[in-house]
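Shown next, in structure tokens, is the structure this report addresses.
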């Protein structure tokens with residue numbers, strides 16, 4: 001029964017595609033007929049010679065044919081260029097890749113983010129020539145330490161003041177050791 005449903009939907013899909021092709025063919029034949037009628041009208045009432053009329057008709061037919069033949073290619077190129085431009089994401093300041101993404105490498109193509117989020121970190125050469133991760137703020141000043149404290153009211157904040165001060169002191173000491 002399921003196989004019959006699959007065959008029926010494939011047949012319907014094919015019939016819809018054929019209907020679309022036939023409608024397109026009918027529209028093109030109407031344009032051809034209009035071009036032919038206009039050319040003949042020009043020949044009889046416009047005083048043009050038959051050779052000029054046939055040349056104009058031939059040019060019009062070439063335009064119609066080229067437009068029809070290049071339309072799929074135009075859509076393909078438009079989609080390809082759009083996807084390339086739309087997919088370029090700059091990471092000059094670093095960032096996170098959350099989905100599998102390809103990138104160029106010497107001699108091939110690399111893949112990142114395939115097993116989950118991966119970080120992109122900008123590198124900077126230090127005064128001693130060593131290469132390392134560039135720190136925010138250029139590395140010339142003191143590091144910033146940010147604590148976010150959530151308290152339900154002022155009294156609960158006062159109770160946690162000692163803990164916050166101890167955590168801040170530990171962070172400062174760790175930072176000094178790393179300098």
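Observations
- Qualifying residue in region 154-168 (condition: on the phi < 0 side of the Ramachandran plot, modelled with pLDDT of 70 or more and in a loop (DSSP other than H, G, I, E, B)): no
- Enumeration of residues in region 101-112 that are modelled with pLDDT under 85 and surrounded by 11 or more Cβ atoms within 10 Å (Cβ to Cβ): 101, 102, 103
The values are calculated or read from the model by the stated rules, or taken from the named source; none is laboratory data. It should be emphasised that the depicted structure is a prediction, and the values quoted were computed from it without experimental measurement. Don't worry about glycine lacking a Cβ; one is built from the backbone with ideal geometry, like all the others, and counts go over all protein chains shown.
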